[in-house]
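Encoded as structure tokens, the structure appears first; notes follow it.
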């Protein structure tokens, strides 16, 4: 029997996945319109991190350095953070609701967060009600937070409020006995997702064409606007929320056996479920504010990890696998077409919809 650590992970899985993550960081940076080899990427990392000499870097190393260090690495890290955060949120949702089909996208959280973010973008930028107020520096698209008053917090806050409203609506529709109403919960999440999607489309209809086009591309999921400065908020939120979830690991595991069993162990099930849902909403909101709506990652990755790397509550391995998955999906999105970039959400939706049908078929 394979040994597991105190977090329920197989002991060999985490070190192997960490090593794969480091290799992926270098390998993914070699893909793109500019032809930069893996060796050049590795040499640039050594050169910028440890001050090592050129080690074979070509005469265009200045251009290569800017492409790799300023464009590709922030994008890859944001993709990893997004994949890890969405996977953790999906795993927790599936556990605390005992619904194997739960996911921030299908649960309506992602759509609610997108609606809240679009409200901020369309009403508080140069394309909407508060044009010229100086809250954002990039008023043409409304997607880049500037240095103005509250610009760094308004978009994530709007996304979190929208996500919180969607969670409250799902809980209200499902009632108290959530464990026995899996289908009702799923249908409620889908209905709320459509409702917020319609409201988002209505806002875009009354926005300027330039803002609508920018928001439409962003809403499909993209890491194109990643920067070193923008990495800090999602990294902090995902790490802090994941740490809090690990602190409640035993209580969350007890909920797998049912609400009644958890109650007998002295757990306030309703409060714990609401706390975990709010943490998942916060993770989803900060990621939606930075990356747009990316669906089905929280559905696919936890199931895949439980199938390949079974554990009591393999949250760390789920985060690492989710990060790796999202990085390579992003590589595919910017490499599959020679002249343009494909939104990440389209690829995850295609893969995830097939995965969803497979899971649904197995639960006859």
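No value in this document is a laboratory result; all are computed from the given coordinates. What you are looking at is a predicted structure, and each value in this text was computed from that prediction instead of being measured. Cβ sites come from the backbone with ideal geometry, for glycine too, and all protein chains shown count toward neighbours.
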Exercise for the section: Note the per residue figure in Å³ for the convex hull of the C-alpha positions in the range 281-331. Expected result: 85 Å³
Handout entry: Residues 252, 267 arranged by fewest to most Cβ contacts within 10 Å
Key = 267, 252
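Can you tell me, using C-alpha contacts under 8 Å and at least 6 residues apart, the relative contact order of the range 222-291 as a whole percent? Walk me through the numbers on the way to the answer.
Details: 29 pairs, mean separation 35.3, N = 70.
Reported as a whole number, the value is 50 percent.
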Exercise for the section: For residue 66 and residue 362, compute 0.36 nm times the residue count separating them, minus their Cα-Cα distance, and round to one decimal in nm. Expected result: 101.7 nm
Practice task
Would you mind ranking 200, 264, 95 so that the residue whose beta carbon has the fewest other beta carbons within 10 Å leads the list?
Solution key: 264, 95, 200
Exercise for the section: Answer rounded, prolate or oblate for the range 171-304, using the Cα gyration tensor with square roots of eigenvalues a ≥ b ≥ c: rounded when a/c is under 1.5, else prolate when a/b is larger than b/c, else oblate. Expected result: oblate
Practice task
Report the full-extension gain for the segment residue 187 to residue 239: residue separation times 0.36 nm, less the Cα-Cα distance, to one decimal in nm.
Solution key: 15.7 nm
Handout entry: Segment residue 336-residue 205, length gained on full extension (0.36 nm per residue, minus Cα span)
Key = 44.1 nm
Exercise for the section: Return a whole-number percent for the relative contact order of the range 250-364, with Cα pairs under 8 Å and 6 or more residues apart as the contact set. Expected result: 24 percent
Fill in the blank from the handout: Taking the square root of 5λ for each eigenvalue of the C-alpha gyration tensor of the range 308-364, the equivalent ellipsoid has semi-axes, largest first and in whole angstrom, of 26, 18, 7
Handout entry: Theoretical FRET efficiency, 1/(1+(r/R0)^6), r = Cβ-Cβ of residue 22 and residue 247, R0 30 Å, to 0.05
Key = 0.65
Fill in the blank from the handout: Stokes-Einstein, Kirkwood over Cα pairs, the range 253-364, 20 °C, 1.002 mPa s; D in µm²/s equals 131 µm²/s
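Rounded to the nearest 0.05, what FRET efficiency do residue 48 and residue 260 have when you use their Cβ-Cβ distance and R0 = 45 Å?
Result of the calculation: an efficiency of 0.20.
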Fill in the blank from the handout: Cβ density ranking, 10 Å radius, fewest first, applied to 229, 341 yields 229, 341
Practice task
Please sort 63-75, 109-121 by packing, taking for each peptide the average over its residues of neighbouring beta carbons within 10 angstrom, highest first.
Solution key: 109-121, 63-75
